[in-house]
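The structure under discussion appears below in the form of structure tokens.
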Amino acid sequence: MTKNMFLVSMLTLYCDFKGDKNIENQKLIAIDLDGTTLNSNSKLTDRTINTINKLNQTQHIVTIVTGRPTRLVTDIYRQLNLDTPMINFNGSLGFNPIQKWQYEYKYSIKRDIALHFANNSEKLGINLITAEDKELFLANRPAEDEALGFFPTKLKSENILSESSLKDDPICLTLEVKPEKEQDFIKYVKDNFEDELQISPWGGPNSIIEIASGGVNKVTGIKRLADFYNIKQEDIIAFGDEFNDKSMLEYAGFGVAMKNGQPKVKAIADDITELDNDHDGLADYIEKHFKI
């Protein structure tokens, strides 16, 4: 073996083991959860699990990019048999649940801002407010309605949001506001914290609003993942349905909106699934697109 042949061989071996390896035609597939991968009962179907498992066996990279907090993603991650980093809190946190990731990151909001909303909740029309980090969950009170699945109906004393329990800057705040106060609250945040905060209404039947660090969205996480895996922008495929997915679908080389998606999201997408999230729309599209 010549010296040049040896160097090429070693370089190939190195690339095979390096986390950001580049494989011809390899795609980074970013999947939203609610309204996309999950059905209306927030569950994974067997078909979806099987389809993602098949896709995991190809050269392509599947990753979760969601607005959900860590506590509501880990079980889904395990069911899908993933080993890739995932993005939580709409781009504010990126980490790998099963192994150390050198690109792990988080963006936080100031503790004082979180306490300001908590201390003025009645005046601002806030029914419920949570402050969360990767391993932190605090709420001002338990939810009265189990339909608000993101808010637990029972709280331990150590999970009650207060000045003493919130010791550090949280990653994200999630609020349920009075429907008639939603637009006033959004305006209040924009008028008083425009540069510091990113405000994301969830849509749907309940007035749920997420607040995170300004300028951060799902594209923040997508770029970090693409850089790690050495994936070009045109080789990113993103699936989503809601307003918080819009930036991700626009940035991706190919953005796919769910049939059940918001009209404004479908309007900017490159394609739309034939089926909705209650009829395995994501799995159906992946099976046909990747022929698996």
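What pairs from K100/K218; K154/K218; K43/K266; K123/K264; K100/K266; K43/K167 go past 27 Å between their alpha carbons? Don't skip to the answer; put the middle values down first.
Values: K100/K218 21 Å; K154/K218 30 Å; K43/K266 23 Å; K123/K264 32 Å; K100/K266 36 Å; K43/K167 34 Å.
Too far apart for the 27 Å limit: K154/K218; K123/K264; K100/K266; K43/K167.
Rounded if a/c is under 1.5, else prolate if a/b is larger than b/c, else oblate: which is the range 138-202, with a ≥ b ≥ c the root eigenvalues of its Cα gyration tensor?
Working: a/c = 2.46, a/b = 1.29, b/c = 1.91.
Cα axes put the range 138-202 in the oblate bin.
Give the calculated FRET efficiency between K156 and Q102 to the nearest 0.05, with a Förster radius of 25 Å applied to their Cβ-Cβ distance.
Details: r = 34 Å, r/R0 = 1.37.
With a Förster radius of 25 Å, E is 0.15.
With all protein chains present, how much of the accessible area of the range 40-166 (probe radius 1.4 Å) comes from carbon and sulfur, to the nearest whole percent?
On the way: 2720 of 6310 Å².
Of the solvent-accessible surface of the range 40-166, carbon and sulfur hold 43 percent.
For every helix of n ≥ 4 consecutive DSSP H residues, a contribution of -39,500 (n - 2.57) applies; sum these over the chain, divide by its total residues, and give [θ] at 222 nm rounded to the nearest 500 deg cm²/dmol.
Values: 10 runs with 91 residues, N = 292.
Calculated at 222 nm, the ellipticity per residue is -9000 deg cm²/dmol.
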List the residues, sorted by chain then number, that are 5 or more residues from N260 or on another chain and whose placed amide H is less than 5 Å from its amide H.
N277
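Let me make sure I get this right: for the range 194-289, a, b and c are the square roots of the gyration tensor eigenvalues over alpha carbons, sorted descending. Under 1.5 in a/c it's rounded, otherwise prolate if a/b > b/c, else oblate. Which is it? Intermediate results must be reported in sequence, preceding the final value.
Values: a/c = 2.32, a/b = 1.14, b/c = 2.03.
Note, shape of the range 194-289 comes out oblate.
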Over the chain, with the other protein chains present, what is the accessible area per residue in square angstrom, probe 1.4 angstrom?
51 Å²
Theoretical gain in end-to-end length, R111 to I49 [0.36 nm per residue, Cα-Cα removed]:
18.5 nm
Phi-based couplings in Hz for the range 245-258 (Karplus 6.51, -1.76, 1.60; Gly and Pro marked x)
9, 4, 5, 5, 5, 5, 6, 4, x, 8, x, 10, 9, 6
Aspartates and glutamates with Cα under 17 Å of K54, excluding same-chain neighbours fewer than 8 positions away:
D46, D83, D280, D284, E287
Rounded to the nearest 10 Å², the accessible area of D191 using a 1.4 Å probe with every protein chain kept is 100 Å²
Pop out the ³J(HN,Hα) list for the range 155-161 in order, Karplus 6.51 cos²θ - 1.76 cosθ + 1.60 with θ = phi - 60°, rounded to Hz; leave Gly and Pro as x.
10, 7, 4, 6, 9, 7, 6
Label point distance in nm, E196-K232, each placed 7 Å from Cα along Cα→Cβ:
4.3 nm
Along the range 130-139, Karplus-curve 3J(HN,Hα) (6.51, -1.76, 1.60; θ = phi - 60°) to the nearest Hz, with x for Gly and Pro, reads 10, 10, 9, 9, 3, 10, 10, 9, 10, 9
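The values are calculated or read from the model by the stated rules, or taken from the named source; none is laboratory data. From a predicted model like this one, the values you see are computed outputs, not experimental measurements. All Cβ positions, glycine included, derive from the backbone under ideal geometry; neighbour counts span all protein chains shown. In case anyone asks, the SASA skips ligands and DNA or RNA and just uses the protein heavy atoms, side chains included. Shrake-Rupley method; radii C 1.70, N 1.55, O 1.52, S 1.80 Å.
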